[in-house]
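Working notes, structure below.
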Amino acid sequence: MGTETSSAMEISEPLLHDEHQAKTKGVKLSDADETIPEWKEQITIRGLVVSAILGTLFCIITHKLNLTVGIIPSLNVAAGLLGFFFVKSWTTFLPKLGLSVRPFTRQENTVIQTCVVACYGLAFSGGFGSYLIAMDEKTYKLIGEGYPGNRAQDIIEPGLLWMMGFLFVVSFLGLFSLVPLRKVMVMDYKLTYPSGTATAMLINSFHTNMGAELAGKQVTCLGKYLSISFVWSCFKWFFSGVGDSCGFDNFPTLGLALYKNTFYFDFSPTYVGCGLICPHIVNCSVLLGAIISWGFLWPFISQHAGDWYPADLGNNDFKGLYGYKVFIAISLILGDGLYNLIKIISLTIWEMCKKSSKQDLPTTKEEDLGEENSELLLLQKKRDEVFLKDKIPSWIAASGYICLAAISMAIIPSIFPPLKWYLVLCSYLFAPALAFCNSYGTGLTDWSLASTYGKIGLFTIAATVGTEGGVIAGLAACGVMMSIVATAADLMQDFKTGYLTLSSAKSMFVSQLIGTAMGCVLSPLTFWMFWTAFDIGSPDGPYKAPYAVIFREMAILGVEGFSELPKHCLAICCGFFIAALIVNLLKDVTPSSVSGYIPIPMAMAVPFYIGAYFAIDMFVGTVILFVWEKINKKESEDYAGAVASGLICGDGIWTIPSALLSLFRINPPICMYFGPAVSR
């Protein structure tokens with residue numbers, strides 16, 4: 001799975017209609033008089049080239065995070081900022097050579113951002129760190145060849161061509177499923193889509209004189225920390241030796257005793273950057289989860305080795321401590337996901353009933369409004385006009401969905417034989433309703449529950465198919481459902497961004513299609529680089545792919561039940577499942593002054609299985625941000641995202657030469673190792 005974090009910003013519609021905010025954030029009231037380029041002119045060759053470059057970089061970053069810890073921060077701001085930098089540099093440099101260039105508009109900036117997000121989104125929802133790898137032989141062996149329900153027949157090794165083909169047949173369905181509802185979601189319901197709104201405000205600010213100046217400084221800051229991160233990652237490589245216990249990644253910063261329980265700072269720019277870009281509560285929740293699991297729970301269970309489970313089992317045997325780690329993490333994830341799913345669906349139904357029962361309010365004549373409100377009303381009319389101008393006919397959406405569904409029913413069973421065509425059909429019949437729920441919930445809360453809807457498909461299909469092929473069928477169904485609901489929510493969020501930047505809905509839809517097509521090629525290619533260069537899935541290596549094991553266990557659980565869990569494991573899992581529900585309930589019923597300090601169970605679950613080291617890194621990032629906010633809040637708001645993006649991107653770029661060195665069997669020259677002192 002991978003837990004895609006969200007800043008969960010609270011941005012309401014009136015914020016965009018406030019004159020002071022409009023001026024400070026770069027939303028120009030004169031936009032009502034702006035000449036809008038045609039939708040075809042908003043999509044440019046240079047924009048697509050920049051999108052492909054940034055899409056490749058962000059796919060690499062997403063894969064690295066997916067295969068290590070599974071927490072993926074939002075990179076939308078970095079996509080908008082780097083898109084602005086590349087094209088602005090293009091339009092500034094070429095005229096000096098005597099060449100004429102087309103002006104760079106915010107609509108083109110929005111298209112680039114949309115393409116990049118659609119592209120790297122598939123690196124997450126495509127399952128390269130979860131359900132796809134869960135099918136391979138290494139994960140099968142890791143769980144155990146004799147483990148009930150874990151059959152040797154349920155193995156499909158990753159292949160570049162079939163992964164591309166699978167993504168092409170499932171990734172576009174979500175785009176067609178909700179296109180007819182774009183006006184309802186964006187204009188009628190006026191859903192906020194906080195990340196989409198924030199991105200629109202950012203892009204609008206870039207295309208003012210003051211905003212362009214700040215954007216230039218942000219890009220300089222990003223480039224500086226990108227270089228620092230890249231050089232540091234290169235420096236670390238020289239000391240990482242051969243094996244998994246060398247280098248700064250295994251530096252016992254808190255002492256050897258805590259190092260044995262994975263409490264150490266591993267000097268990772270990526271995780272420190274994640275700590276800077278993720279909300280404080282996410283980082284603190286991750287650290288709290290690490291303390292509960294590796295500080296108390298696992299040492300306590302280890303004391304009962306020989307009683308609760310056989311003492312002579314290997315580190316990765318599911319009938320021992322490893323089983324507790326995996327299943328307790330699953331129980332927290334499912335508890336959090338189930339609660340939020342019920343909450344979002346209930347909220348969706350409540351809001352829709354409330355809106356349908358509302359009486360139409362009397363309209364106010366324009367001449368009765370003040371000059372400021374009149375200007376805002378003109379801007380609102382302009383947005384509505386641009387958004388509705390280039391219509392996407394409903395028949396195109398319906399026929400596109402039906403055609404793609406028919407193609408999928410023919411192709412998917414040939415890739416995953418246990419997932420029969422009628423099961424694929426059932427998935428596509430229910431998918432639009434779930435896609436609507438996810439898109440509506442994302443508009444209200446900024447949280448996409450794509451992985452939760454994927455797990456619903458996983459358990460349902462695995463239980464339906466049964467022992468003979470249920471594991472593969474469940475994992476494949478999870479991928480189908482996850483892709484549809486994730487891309488549908490992304491599309492609607494991009495429609496919101498396009499609406500606020502006066503971009504054509506048609507250019508948004510086409511750019512999303514192009515970005516998705518890029519992602520169907522680039523995300524498998526960049527994953528293949530990791531797959532061929534590194535030992536993916538090794539529990540002792542840097543790329544553990546932790547969610548591969550969790551997803552395969554979920555599928556086995558759907559088929560076999562709880563029969564083979566170690567002693568007291570089910571009782572402890574039930575306790576943590578209920579605890580996740582209670583913690584979420586407390587977050588919702590307590591005042592905001594209190595709820596902001598209540599941890600997030602989904603974030604707490606990640607270190608239960610992986611370890612505490614990355615939690616230390618992320619907490620260092622959040623402490624840096626906290627101190628920075630206290631010293632200079634305005635500067636931290638302006639530059640924290642750029643610093644974080646630079647740290648993450650620099651470390652991500654180093655992955656390319658690191659992979660090449662590994663492919664050519666060039667090993668680091670030094671192994672820096674730490675052990676206890678010995679008396680001489």
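Here are a few things to note about the model shown:
- Any chance residue 300 is at pLDDT 90 or above and not in a helix (DSSP H, G or I): no
- Some residue of segment 230-248 being closer than 19 Å to residue 610 by Cβ and in contact with an Asp or Glu (Cβ under 6 Å, 6 or more places away or on another chain): yes
- Of all residues in segment 496-510 being assigned to a loop (DSSP other than H, G, I, E, B) and either in contact with a Pro (Cβ under 7 Å, 6 or more places away or on another chain) or of a type in the set (Gly, Ala, Ser) (or both), the one that is surrounded by the most Cβ atoms within 10 Å (Cβ to Cβ): 503
- Any hit, segment 511-532, residues being in a helix (DSSP H, G or I) and at pLDDT below 90: no
- Scanning segment 426-443 for residues that are open to solvent by 60 Å² or more (accessible area, probe 1.4 Å) and either in contact with a helix residue (DSSP H, G or I) (Cβ under 8 Å, 6 or more places away or on another chain) or of a type in the set (Phe, Trp, Tyr) (or both) gives a single hit, 430.
- Qualifying positions in segment 249-262 - out of contact with any Pro (no Cβ under 9 Å at 6 or more places or on another chain) and not in a helix (DSSP H, G or I): 251, 252, 253, 254, 255
- Looking at 191, 132, just one residue is touching a Lys or Arg at 6+ places or on another chain (Cβ under 8 Å) and crowded, with 17+ Cβ neighbours inside 10 Å, and that residue is 191.
- Taking the listed residues 285, 346, the one that is in a helix (DSSP H, G or I), of a type in the set (Ser, Thr, Tyr) and at pLDDT below 85 is 346, with no other qualifying.
Yes/no per residue for (1) at positive phi; (2) modelled with pLDDT of 85 or more; (3) open to solvent by 30 Å² or more (accessible area, probe 1.4 Å); (4) not charged (D, E, K, R):
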residue	(1), (2), (3), (4)
645	no, no, no, yes
659	no, no, no, yes
663	no, no, yes, yes
667	no, yes, yes, yes
671	no, yes, yes, yes
676	no, no, yes, yes
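- Test: residue in segment 139-150 that is open to solvent by 10 Å² or more (accessible area, probe 1.4 Å), among the aromatic types (Phe, Trp, Tyr) and within 21 Å of the chain's Cα centre (by Cα): no
- All conditions but one from (1) open to solvent by less than 30 Å² (accessible area, probe 1.4 Å); (2) touching a residue at least 60 places away in the same chain (Cβ under 8 Å); (3) not aliphatic (A, V, I, L, M) apply to residue 639; the one that does not is (1).
- Any hit, segment 545-554, residues being in contact (Cβ under 8 Å) with a residue 12 or more places away in the chain, outside any helix (DSSP H, G or I) and closer than 23 Å to residue 612 by Cα: yes
- Considering residues of segment 315-343 that are of a type in the set (Lys, Arg) and assigned to a helix (DSSP H, G or I) only, the residue modelled with the highest pLDDT: 325
- Residue under evaluation residue 74, criteria (1) in contact with a Pro (Cβ under 8 Å, 6 or more places away or on another chain); (2) over 30 Å from residue 466 (Cβ atoms); (3) surrounded by 19 or more Cβ atoms within 10 Å (Cβ to Cβ), criterion not met: (1)
- Selection count where residues are touching a residue at least 24 places away in the same chain (Cβ under 8 Å), within 22 Å of residue 559 (Cβ to Cβ) and hydrophobic (A, V, I, L, M, F, W, C), scope segment 415-439: 5
- Residue within segment 660-674 that is over 21 Å from residue 231 (Cα atoms) and in contact (Cβ under 8 Å) with a residue 12 or more places away in the chain present: yes
- For residue 475, the test of being open to solvent by less than 10 Å² (accessible area, probe 1.4 Å) and part of a helix (DSSP H, G or I) is passed.
Residue by residue, here is whether (1) at pLDDT below 85; (2) surrounded by 24 or more Cβ atoms within 10 Å (Cβ to Cβ); (3) touching a helix residue (DSSP H, G or I) at 6+ places or on another chain (Cβ under 8 Å) holds:
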| position | (1), (2), (3) |
| --- | --- |
| 17 | yes, no, yes |
| 35 | yes, no, no |
| 45 | no, no, no |
| 59 | no, yes, yes |
| 85 | no, no, yes |
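- Condition met for residue 563 (of a type in the set (Ser, Thr, Tyr) and either surrounded by fewer than 18 Cβ atoms within 10 Å (Cβ to Cβ) or part of a loop (DSSP other than H, G, I, E, B) (or both)): yes
- Some residue of segment 628-642 being within 29 Å of residue 531 (Cα to Cα), among the aliphatic types (A, V, I, L, M) and in contact with a Cys (Cβ under 9 Å, 6 or more places away or on another chain): no
- The residue that is modelled with the lowest pLDDT, counting only those in segment 392-406 that are touching a helix residue (DSSP H, G or I) at 6+ places or on another chain (Cβ under 6 Å) and either assigned to a helix (DSSP H, G or I) or polar (S, T, N, Q) (or both), is 394.
- All of (1) in a helix (DSSP H, G or I); (2) over 23 Å from residue 185 (Cβ atoms); (3) modelled with pLDDT of 75 or more hold for residue 312 with one exception: (1).
- Among residues of segment 275-291 that are more than 19 Å from residue 594 (Cβ to Cβ), those with a beta-carbon under 9 Å from a residue that is open to solvent by 30 Å² or more (accessible area, probe 1.4 Å) and among the hydroxyl-bearing types (Ser, Thr, Tyr) at least six positions away or on a different chain give the pairs 277/7; 277/74; 278/7; 278/74.
- Looking only at segment 457-472, and only at residues there that are out of contact with any Asp or Glu (no Cβ under 7 Å at 6 or more places or on another chain), closer than 24 Å to residue 520 by Cβ and of a type in the set (A, V, I, L, M), the one that is least open to solvent (accessible area, probe 1.4 Å): 458
- Among the conditions (1) open to solvent by less than 20 Å² (accessible area, probe 1.4 Å); (2) in contact (Cβ under 8 Å) with a residue 40 or more places away in the chain, the only one that residue 307 does not satisfy is (1).
- The condition of being open to solvent by 20 Å² or more (accessible area, probe 1.4 Å) and either in contact with a helix residue (DSSP H, G or I) (Cβ under 8 Å, 6 or more places away or on another chain) or touching a residue at least 12 places away in the same chain (Cβ under 8 Å) (or both) holds for only one of 235, 239, that being 239.
- Residues of segment 572-589 satisfying the condition of being more than 26 Å from the chain's Cα centre (by Cα), open to solvent by less than 40 Å² (accessible area, probe 1.4 Å) and more than 22 Å from residue 299 (Cα to Cα): none
- Residue count for segment 249-299 satisfying the condition of being open to solvent by less than 30 Å² (accessible area, probe 1.4 Å) and of a type in the set (Asp, Glu): 1.
The values are calculated or read from the model by the stated rules, or taken from the named source; none is laboratory data. Quantities reported herein were computed from a predicted structural model and do not represent experimental measurements. When we count neighbours, we look across all protein chains shown, and the Cβ atoms used for this are built from the backbone with ideal geometry, even at glycine. Just so you know, the surface numbers come from the protein's heavy atoms only, side chains and all, with ligands and any DNA or RNA stripped out. Shrake-Rupley method; radii C 1.70, N 1.55, O 1.52, S 1.80 Å.
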